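Peer 1: There's a structure below that I have some questions on.
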Amino acid sequence: MERTKILSKEELDLLKQQSQKKKILKWVFFWLGIIIFVISILFFIFELTIDSFVIEMTYDNEVRPLNLSVFFGALLLTFSMILISQILMNTNNYNENSFHLPKWGSKRESLLFKSKEKKLLKEIDMVKFRSFAKSRFIAAILMIGMATINISVFGTDIDTENHIGSWFFLGGPSMFFPMSAFMLLVGIGLLIYSIFSSVNIIFSKSKNFYFIEEFRFPMPWMTEIPRDEVISARLTNAKTGPKYFWIILMSLNLILCFTDGFHFLLNPYAFGAGLLVGKFYILTGFVHLLALCILLLKHQTLLEIVTKEKIYEINFNLPAVKNPDLVEAISNCFDLNVTGENESILKQTQIKDWRNLIIGLIFLITAIISVVTFRFAGDPLRIVLYIFGFILVVKGIKEDFSTSKNGFKILKSNENQELIVKKNWLWFKSIYKFNKIDHKFEFRLSKLNFFDILLMIFVPFVVGLDISGVLYFNPWTSPNMIWMNIMHIFGDSLLLIFTLNVIIRPVNVLFLKNQFFNYEYNIPGILSSEQNELLKEKNFVSRFVFKLKYVMSNQGDGFWKRKMGVFIAFLLGIFIMGRKTQVLGIWLSVLIVIVLIIIAYLLREILKKKITRIRSPEVDDH
């Protein structure tokens, strides 16, 4: 029988001490990264060439070299950033991404229930599965398959006469290039990633540690996390995060396919094969849109563990057959449940908020109508509306709803201040656990992520460009044109109002706090008992005004900064268009307004600090 290993308190304290070897290694990696970073910058400055990165291409019966050395410079730059990031390396004696082979090495401690033949679900201490990026693989196959079809139909000619049609100019590239050339490269990259990111994962736990073992190319490694230092943990397949970049990356191709496709279908005699080209444009657009939806709505599961010193994250794909059992097993392996007696601290159990979804659809519909009627949005604004409309729709679907029956729960342990948050919606499931934490419910400004900030900048900026274009270029000579211009400006103004609604709307928040961190969890559509008492006799408008006043009294600075950011971005759009058209009075006036706003804000901050100092209580020496 295998001897049970459990570390003593002295051994655990020894592991928490700093490792001198890791400290030296951290600084070696850092300075090596700095050296390689400088070399990569010099590589770009002097435009150096690596012979093995130069390939020859035949164009117009002439052999020409194609220098791809820039990719070598990009590899150097990426490698240098990886090395520089090692300055954040944990220097204690815990294993972190350490080389690990189970046959040659063993864990520091024995697993809790390993000696038992039959395990209860709550006694699961080891979960083993294979992770394969199915969504990326399927999206890659769709892109590559569609590109292959387009190549077979249109060919890959660049400078020869094409009877089916050429893109951009007569005798130009075949229609394959605008439809699928870029997306073919994306699909190949996704296919390579999905194959090489395949990994065998083992989650396990002992009395004092969680163990994460990853057996992936090019080598296996293990990370151990001390259980007593865990502050919070979450298991979710609903986090989008940087995956919104897929929308930005694929948006131009989708806009081109659908816009030009419908133009060809509506004008089939533009050239001989207009009907055929239009059909393939539309088909390609739908296939790429399907691939995008798969990437955004069927992606990986995230396990995040927050300790006093570090955040551990691992993304993985669960096998479809065992998905429900595996989710439950992983939850129990990492103690994502309330121990002892617990109570639900909310009576309402359904999250429901339509605003992101509706505003996103309004953006998309406005962009589509503008293509058909040539009103309400020019090309730059239309592209921005497509991108952020799609982002808001995806965000609304994934984050703003839960199932009607027990779709959202907050459970609190009466013994040790543990808090569990569970949310279910469609196939999206999330479990959060917080240890020794205080909570409260309050109305706050919705927390902005990176893409919300981009929305706050780009939509008002391009609306400013669009409105100033109407003012500068559209004729105002007849009553009909005056009415159409006014309606155009009115429609653009509504887009500004919708943007403000996304940025500064008050939302109910579960606010969590302890000595190490603060955390906000949006719970739109749900009220605590105290909040329900305050708002039960108010109508929809009165509720909104009450929430807005509450937010302004507690987060007044954030409220006005967001409004001012939207307004300045809008004025900058007008200013740049005025400079472009050389309308001196307009752009100079807008510049003066922007400068005055900034000066007024700075004066307000200075005055506020002075008032705070005057009102601060003096220390009594007696």
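Peer 1: Name every residue in the stretch 395-447 that is at pLDDT below 85, of a type in the set (D, E, K, R), within 25 Å of residue 311 (Cβ to Cβ) and in contact with a Gly (Cβ under 8 Å, 6 or more places away or on another chain), in order of residue number.
Peer 2: none
Peer 1: Out of curiosity, is residue 584 open to solvent by 70 Å² or more (accessible area, probe 1.4 Å), of a type in the set (A, V, I, L, M, F, W, C) and modelled with pLDDT under 75?
Peer 2: Yes: the conditions hold for residue 584.
Peer 1: Failed condition for residue 453, given (1) touching a residue at least 40 places away in the same chain (Cβ under 8 Å); (2) surrounded by 13 or more Cβ atoms within 10 Å (Cβ to Cβ); (3) under 30 Å from residue 232 (Cα atoms); (4) not polar (S, T, N, Q), with all others met?
Peer 2: Here residue 453 meets the rest and fails (1).
Peer 1: If you don't mind, another one. Which one is modelled with the lowest pLDDT among residues in the stretch 204-249 that are of a type in the set (Phe, Trp, Tyr) and more than 30 Å from residue 397 (Cβ to Cβ)?
Peer 2: 217
Peer 1: May I pose another question? Among what's in the stretch 248-277 and is aromatic (Phe, Trp, Tyr) and either open to solvent by 70 Å² or more (accessible area, probe 1.4 Å) or part of a loop (DSSP other than H, G, I, E, B) (or both), pick the residue that is farthest from residue 183 (Cα to Cα).
Peer 2: 269
Peer 1: Examine the stretch 414-425 for a residue that is surrounded by 15 or more Cβ atoms within 10 Å (Cβ to Cβ), over 23 Å from the mean Cα position of the chain (by Cα), in a loop (DSSP other than H, G, I, E, B) and among the acidic types (Asp, Glu), and state whether such a residue exists.
Peer 2: The answer is yes, given that some residue of the stretch 414-425 is surrounded by 15 or more Cβ atoms within 10 Å (Cβ to Cβ), over 23 Å from the mean Cα position of the chain (by Cα), in a loop (DSSP other than H, G, I, E, B) and among the acidic types (Asp, Glu).
Peer 1: Can I ask one more? Kindly indicate which of 496, 527 is surrounded by 15 or more Cβ atoms within 10 Å (Cβ to Cβ), among the hydrophobic types (A, V, I, L, M, F, W, C) and more than 26 Å from the chain's Cα centre (by Cα).
Peer 2: The conditions single out 527.
Peer 1: Here's something else I'd like to know. Got a sec? Which of 375, 444 is outside any helix (DSSP H, G or I) and open to solvent by 70 Å² or more (accessible area, probe 1.4 Å)?
Peer 2: Result of the check over 375, 444: 375.
Peer 1: Right, another one. Please go through the stretch 433-460 and pick out each residue that is closer than 25 Å to residue 531 by Cα and either among the aliphatic types (A, V, I, L, M) or under 19 Å from the mean Cα position of the chain (by Cα) (or both).
Peer 2: 437, 445, 446, 447, 448
Peer 1: Is there a residue in the stretch 94-101 that is at positive phi, in a loop (DSSP other than H, G, I, E, B) and modelled with pLDDT of 75 or more?
Peer 2: There is no residue in the stretch 94-101 that is at positive phi, in a loop (DSSP other than H, G, I, E, B) and modelled with pLDDT of 75 or more.
Peer 1: Hey, any hits in the stretch 131-139 for a residue that's surrounded by 20 or more Cβ atoms within 10 Å (Cβ to Cβ), at pLDDT 70 or above and over 30 Å from residue 336 (Cβ atoms)?
Peer 2: no
Peer 1: Would you say residue 458 is in a strand (DSSP E or B) and in contact with a helix residue (DSSP H, G or I) (Cβ under 7 Å, 6 or more places away or on another chain)?
Peer 2: So residue 458 fails the test.
Peer 1: Taking residue 463, is it in a helix (DSSP H, G or I) and either among the β-branched types (Val, Ile, Thr) or out of contact with any Phe, Trp or Tyr (no Cβ under 8 Å at 6 or more places or on another chain) (or both)?
Peer 2: yes
Peer 1: Hey, another quick one. Give just the number: which of (1) surrounded by fewer than 18 Cβ atoms within 10 Å (Cβ to Cβ); (2) in a loop (DSSP other than H, G, I, E, B); (3) modelled with pLDDT of 85 or more does residue 380 not satisfy?
Peer 2: Every condition holds for residue 380 apart from (2).
Peer 1: Going through the stretch 280-297 one residue at a time, which ones are more than 10 Å from residue 179 (Cβ to Cβ), open to solvent by 10 Å² or more (accessible area, probe 1.4 Å) and touching a Phe, Trp or Tyr at 6+ places or on another chain (Cβ under 8 Å)?
Peer 2: If the condition is that a residue be more than 10 Å from residue 179 (Cβ to Cβ), open to solvent by 10 Å² or more (accessible area, probe 1.4 Å) and touching a Phe, Trp or Tyr at 6+ places or on another chain (Cβ under 8 Å), then 282 is the only one that fits.
The values are calculated or read from the model by the stated rules, or taken from the named source; none is laboratory data. What you see is a predicted model; the values in this text were computed from it and never measured. FYI the Cβ positions are ideal-geometry reconstructions off the backbone, even for glycines, and counts take in every protein chain you see. Note: accessible area is taken over every heavy atom of the protein model, side chains too, but ligands, DNA and RNA are not part of it. Shrake-Rupley method; radii C 1.70, N 1.55, O 1.52, S 1.80 Å.
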